[in-house]
Amino acid sequence: MSTLLAINDATTTSTVLCFCSILLLLSPTISSLPILGLDSFHTQQSRLDPQANNDSFLSLPSQLKKSLSTQSFTSLSSLISSLLSLQISVPVHIKLVGSFSPDSESLLQSFISAAHFSDQFQIIGSNPHHLSIKHSLHLDVSHSSLAPQISDAIKSEIESSPSSLRSSLHSIPYSVVDRIVKQDFEKEQPVQGVYIYLLNLSPQSKPYAYSYGHGDSSLAFTKCYGSIWTGKERYLWIDLAAGPVDYGPALSGDGVLPRGEFHPLAALHGRPKSQKALLSDLSSLIWSAYQVLLVPSLRIPVPFVNSLIVQFIHVHESENKDLNGLDWHSIERTFMDEVNEGGLLFGDQSLSFKTYDVSVKDCPICSYAISSSTNSYTSRFLFENYTLIVSEYFDSKRLHQILLDSAEELRKSAGIPEENYSNNVLPVYVFDLDYSRLLLLDRYHQSIAFKDMVIAVRTKNTQTVSDYSCNGRHVMTQTRKLERPIVGSILQSMWGVSPTHLSWSPRHNTTLVDYTWSIGQTPFGPFSEASSLSFVQKDAARRNVLLTSLNYTISSAIFLLESISAHGGDRQLFKQGRHVEFVQRWNLLKYKLDKVLSALSHMDFEMALYYFRSSDHDLFAIHSLVFHATEELEASLVCFKDPPFPWGAVSIAGFFTFAFISVYAKRDKIFKSKRKQF
């Protein structure tokens, strides 16, 4: 009986110890458990104080503070790990339209889940680096019954419109399909995430592709056809039956979209493919759209500023200014239309545009900048024989440095008033020159974005043949038209929006060029004519501000934790009262950061900004706690007594030493009798 009791006691003890060990290991997870009442409290606070000007911790009920203090953590290293594992989940809904097999949903899910979609946001500017925040794809696949309606609309358009004389593809306005897709998208209320429509339609009587502007191609004007469209709302559609189309660098370079079956957009063209092979190509297409359009890299870090000001500075040589192709009001309207519709900016931000003129003859620094930045290069052309032709271009880096160094003098010449230092002011310098020859920035660009300014240039030359081609023809660049290039540059400099042909590749550890998505509704790239913004640019503008601010908060919090660890840990640094407040503040900070990520996942940028601003109060409070705690630390010198002299050990050692010496000195007498025997 006693043996049985002992066994039971041992079993109970081991079970309790095991249970305690599990609780200890799970304590970081316990600290992230939801606290009842905390969500409703902050929801009410967001209505009362939408700007988060007040510290919500001071208004917390005592019961909520007590709940925050009971959620402890095991170590500071676990807190750092939890900060570095923050992740935004991006919901994407795939709509399969047309002839897809019944198991397409599961196959597409399995193909995409096999890839590693968790990655960090990246900045791809002059100093590429990654942010602390990660992103992951959350996919939902379903079938749609739009195929007959879309096929009938395309068929009707082909029958009612004449064929193009310069292209083998029949031109169909994108609006024919977009109207139907948009109506279906508007039924998905409330919209959670981004919707991608994959159209696998039945063949038409003629091969076709989509046009994005008015008129047809000619020798002087290039109209590029495509098979995709990104809407102003959060949807895009891809017609796999359209084309095949090709666009990209004409002779060499990265980012070409080849004609044929080697690109996922042309998956239905060429040799017949099995359903698995088709879905494999579509998976790579979805992955590309996710990387480039839904979680694009940041061009530059973008801090939050309430007042944004764009200064158009028109540097011209001629007294008779020709503003054709340089319509300031058109550029301003592109942005202000989005602002008035509730996109691009946060609720308490403002955007304004100001225009200034300066003549080159009244601006010595302008003449110096033009002459100092002009370089030349030679090109080899084959006419009757090979001929070297010398051409000129602007060195953008040299021009940028001169304008940066002489900003004060240029401001006085143009009569530009000094703006408040707290405003984010972006000067847009446009050099409108009377040169008859072509003069571009770095040989290829009409406009270039820097982190602190935009530079654009045009001459009397009206057009040139670019190094790009689409649908088998070279793209003609209209060099006098600057509205669209300036819109793209402002997006990069003011909001850090990356062009749709640039994306970061963690596998290559560099920025890749891919023009797949640089057609249709995008202000980037040489293949589109649209200056309007899609949801890609509007979402990226606000997301970039939050990601930059959130990354700074995480870095600052990690620095604080490392400082606490260097002072012996939280329990040694803080006294009892302060340690309780530290635990409460930290748990509240982590809760708010999680709410920022949750709001970003739902694309609720205003709520994400509220929780971020509110978290600043907690981060500052933790800073203050650490500062005051380290101030109260006192250095102390503890003196130790010298240890007693080891008389015993020394005596024993001396005795054995004396005995050895004595024996050695009398060795002849001791061993004398032994020697006589031999």
Quick check on SER350: is it closer than 23 Å to GLN537 by Cβ, polar (S, T, N, Q) and touching a helix residue (DSSP H, G or I) at 6+ places or on another chain (Cβ under 9 Å)? yes
Is there a residue in segment 374-395 that is part of a helix (DSSP H, G or I), surrounded by 14 or more Cβ atoms within 10 Å (Cβ to Cβ) and either at pLDDT 90 or above or not aliphatic (A, V, I, L, M) (or both)? no
Name the pairs: first residue in segment 44-58 and in a loop (DSSP other than H, G, I, E, B), second residue exposed (fewer than 15 other Cβ atoms within 10 Å of the Cβ), Cβ to Cβ under 7 Å, at least 6 apart or on different chains? GLN51/ASP348
Consider SER202 carefully, then state whether it is out of contact with any Leu (no Cβ under 6 Å at 6 or more places or on another chain), surrounded by fewer than 16 Cβ atoms within 10 Å (Cβ to Cβ) and either modelled with pLDDT of 90 or more or among the small types (Gly, Ala, Ser) (or both). yes
Being closer than 23 Å to LEU240 by Cβ, touching a Pro at 6+ places or on another chain (Cβ under 9 Å) and assigned to a helix (DSSP H, G or I) is the requirement here; does VAL536 meet it? yes
One residue is enough: does segment 552-566 have a residue meeting the conditions in the same structural domain as HIS617 (by the TED database), within 15 Å of the chain's Cα centre (by Cα) and assigned to a helix (DSSP H, G or I)? yes
Report yes if PHE582 is assigned to a helix (DSSP H, G or I), under 20 Å from LEU79 (Cα atoms) and modelled with pLDDT under 95, otherwise no. yes
In segment 267-285, how many residues are open to solvent by less than 30 Å² (accessible area, probe 1.4 Å) and under 16 Å from GLY98 (Cβ atoms)? 5
Does any residue of segment 468-482 turn out to be free of Cβ contacts under 8 Å to residues at least 24 places away in the same chain and aromatic (Phe, Trp, Tyr)? no
Go through segment 79-109 and give me each residue that's assigned to a helix (DSSP H, G or I), within 26 Å of the chain's Cα centre (by Cα) and without any contact (Cβ under 8 Å) to a residue 60 or more places away in the chain. SER81, GLN109
Looking at segment 421-443 only, could you name the residues that are more than 26 Å from the chain's Cα centre (by Cα) and in a loop (DSSP other than H, G, I, E, B)? TYR421, LEU433, ASP434, TYR435, SER436, ARG437, LEU438, LEU439, ASP442, ARG443
For THR522, work out the one condition from (1) out of contact with any Gly (no Cβ under 8 Å at 6 or more places or on another chain); (2) surrounded by fewer than 22 Cβ atoms within 10 Å (Cβ to Cβ); (3) assigned to a loop (DSSP other than H, G, I, E, B) it doesn't fulfil. (2)
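Yes/no per residue for (1) closer than 23 Å to LEU533 by Cα; (2) surrounded by fewer than 21 Cβ atoms within 10 Å (Cβ to Cβ):
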position	(1), (2)
LYS460	no, yes
THR464	no, yes
ASP467	no, yes
GLN478	yes, yes
LEU482	yes, no
VAL497	yes, no
Single residue of VAL305, VAL295, VAL310 found to be surrounded by 16 or more Cβ atoms within 10 Å (Cβ to Cβ), of a type in the set (A, V, I, L, M) and within 19 Å of the chain's Cα centre (by Cα): VAL295
In segment 205-250, how many residues are out of contact with any Leu (no Cβ under 6 Å at 6 or more places or on another chain), of a type outside the set (S, T, N, Q) and assigned to a loop (DSSP other than H, G, I, E, B)? 20
Among the residues of segment 327-344, is there at least one that is in contact with a strand residue (DSSP E or B) (Cβ under 6 Å, 6 or more places away or on another chain) and open to solvent by less than 10 Å² (accessible area, probe 1.4 Å)? no
So the check is Cβ under 6 Å with 6+ separation or different chains; which pairs have a first residue in segment 397-421 that's in contact (Cβ under 8 Å) with a residue 60 or more places away in the chain and over 14 Å from VAL315 (Cα atoms) and a second one that's of a type in the set (Asp, Glu) and in a helix (DSSP H, G or I)? none
Looking at segment 484-495, which of the residues that are among the β-branched types (Val, Ile, Thr) and within 20 Å of the chain's Cα centre (by Cα) is surrounded by the fewest Cβ atoms within 10 Å (Cβ to Cβ)? VAL487
Would you confirm, using the coordinates I've provided, whether SER82 is under 30 Å from LYS592 (Cβ atoms), hydroxyl-bearing (Ser, Thr, Tyr) and surrounded by 13 or more Cβ atoms within 10 Å (Cβ to Cβ)? yes
Quick count over segment 226-253, residues being at pLDDT 90 or above, open to solvent by 20 Å² or more (accessible area, probe 1.4 Å) and of a type in the set (D, E, K, R), is 3
Taking the stated definitions as given, is THR500 polar (S, T, N, Q) and within 25 Å of GLY343 (Cβ to Cβ)? yes
Within segment 502-515, work out how many residues are crowded, with 22+ Cβ neighbours inside 10 Å and modelled with pLDDT of 90 or more. 1
Given (1) outside the structural domain of LEU593 (by the TED database); (2) open to solvent by 30 Å² or more (accessible area, probe 1.4 Å); (3) not β-branched (Val, Ile, Thr), identify the lone condition not met by ASP39. (1)
Criterion first (open to solvent by less than 10 Å² (accessible area, probe 1.4 Å), in contact (Cβ under 8 Å) with a residue 40 or more places away in the chain and in contact with a strand residue (DSSP E or B) (Cβ under 6 Å, 6 or more places away or on another chain)) does LEU426 satisfy it? yes
Could you list, in sequence order, all residues of segment 110-160 that are part of a loop (DSSP other than H, G, I, E, B) and not hydroxyl-bearing (Ser, Thr, Tyr)? ALA115, HIS116, PHE117, ILE124, GLY125, ASN127, PRO128, LEU146
I'd like to check something: does segment 591-603 contain any residue that is in a loop (DSSP other than H, G, I, E, B) and open to solvent by 40 Å² or more (accessible area, probe 1.4 Å)? yes
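The values are calculated or read from the model by the stated rules, or taken from the named source; none is laboratory data. As the structure is a prediction and not an experimental result, all values here were calculated from the model. We place every Cβ from the backbone using ideal geometry, glycine too, and count neighbours over all the protein chains shown. The accessibility values were calculated without ligands, DNA or RNA, using every heavy atom of the protein model including side chains. Shrake-Rupley method; radii C 1.70, N 1.55, O 1.52, S 1.80 Å.
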